[in-house]
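Engineer: Just passing along the structure, written as structure tokens.
The values are calculated or read from the model by the stated rules, or taken from the named source; none is laboratory data. In this text the structure is predicted, and so the values were computed from the model without any measurement. Note that we place each Cβ from the backbone using ideal geometry, even for glycine, and neighbour counts take in every protein chain shown. Side chains are part of the model used for accessible areas, which takes the heavy atoms of the whole protein and leaves out ligands, DNA and RNA. Shrake-Rupley method; radii C 1.70, N 1.55, O 1.52, S 1.80 Å.
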Amino acid sequence: MGRKSTIDKLPPEVKGHLQKRLRENRLTLDELIADLREHFPQHAAQLPSRSAVHRHSQSIADIVAHEREMQVASEALVAELGENFDAKAGALLAQAVTTLASKRAFQALDAQRDGEVMEIGDVLDLARAAKTAQEARSLNLKERRAVAEEARRKLLEEQRAKLEAMPNKGGVTAETKAAIREALGITS
């Protein structure tokens with residue numbers, strides 16, 4: 001929260017180069033700083049310190065580790081539940097968004113306790129995250145209702161077709177069929 005890091009203040013081409021090198025994960029911190037100085041001598045005054053690059057690389061490593069954990073969890077769920085577990089996948093996504101938004105909010109509160117000032121932009125970002133989490137939950141609920149409604153519609157169509165195919169013998173009269181339609185909620 002608070003002030004921007006020196007990495008965030010870098011010109012886009014420098015930041016992009018740094019991000020690429022961090023993803024490649026082939027250079028030490030000192031080699032990375034030397035690489036930046038070599039490729040961007042015109043930005044020498046703006047280049048980040050070794051500790052800033054280290055902090056940034058650690059945050060990227062944390063994100064990558066978290067993404068790997070999510071991927072392993074997703075693969076385990078697919079293996080356990082099968083490929084087409086739409087409603088459960090949607091619920092999982094909504095829960096993940098909610099968890100991440102909550103985690104970020106708690107981080108912001110911790111930073112505030114440590115003396116960092118929360119800027120209005122940070123508050124707006126947290127509000128947007130909370131709104132997104134709520135929308136994800138609402139969307140998942142709407143999708144589940146739509147799936148249930150479609151399943152009900154198909155069931156009623158099947159029942160209607162079976163009733164119409166049923167012969168009128170054996171005590172099954174048109175009145176009996178009409179009573180069955182009414183009981184099941186099938187409209188003609």
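Engineer: Checking the conditions here, which among Leu22, Leu29 is at pLDDT 90 or above and among the hydrophobic types (A, V, I, L, M, F, W, C)?
Structural biologist: From the options Leu22, Leu29, the qualifying one is Leu29.
Engineer: Return yes when Ala73 is at pLDDT below 85, more than 29 Å from Glu116 (Cβ to Cβ) and open to solvent by less than 70 Å² (accessible area, probe 1.4 Å) and no when it is not.
Structural biologist: When the stated conditions are applied, Ala73 passes them.
Engineer: Given the condition out of contact with any Lys or Arg (no Cβ under 9 Å at 6 or more places or on another chain), open to solvent by less than 50 Å² (accessible area, probe 1.4 Å) and part of a loop (DSSP other than H, G, I, E, B), answer yes or no: does some residue in the stretch 16-29 qualify?
Structural biologist: The answer is no; no qualifying residue exists.
Engineer: Still on this structure, I have one more. Among what's in the stretch 33-59 and is in a helix (DSSP H, G or I), touching a residue at least 24 places away in the same chain (Cβ under 8 Å) and open to solvent by less than 40 Å² (accessible area, probe 1.4 Å), pick the residue that is farthest from Gln19 (Cα to Cα).
Structural biologist: Among residues in the stretch 33-59 that are in a helix (DSSP H, G or I), touching a residue at least 24 places away in the same chain (Cβ under 8 Å) and open to solvent by less than 40 Å² (accessible area, probe 1.4 Å), the one farthest from Gln19 (Cα to Cα) is His43.
Engineer: Kindly list, by first and then second residue, each pair from a residue in the stretch 126-138 that is within 14 Å of Gln95 (Cβ to Cβ) and open to solvent by 40 Å² or more (accessible area, probe 1.4 Å) to a residue that is part of a helix (DSSP H, G or I) and at pLDDT below 70, limited to pairs with Cβ atoms under 6 Å and residues at least 6 apart or on different chains.
Structural biologist: Here the result reads Arg137/Ala94, each pair linking the stretch 126-138 to a residue that is part of a helix (DSSP H, G or I) and at pLDDT below 70.
Engineer: Just a yes or no: is a residue in the stretch 174-187 on the phi > 0 side of the Ramachandran plot, assigned to a loop (DSSP other than H, G, I, E, B) and modelled with pLDDT of 75 or more?
Structural biologist: yes
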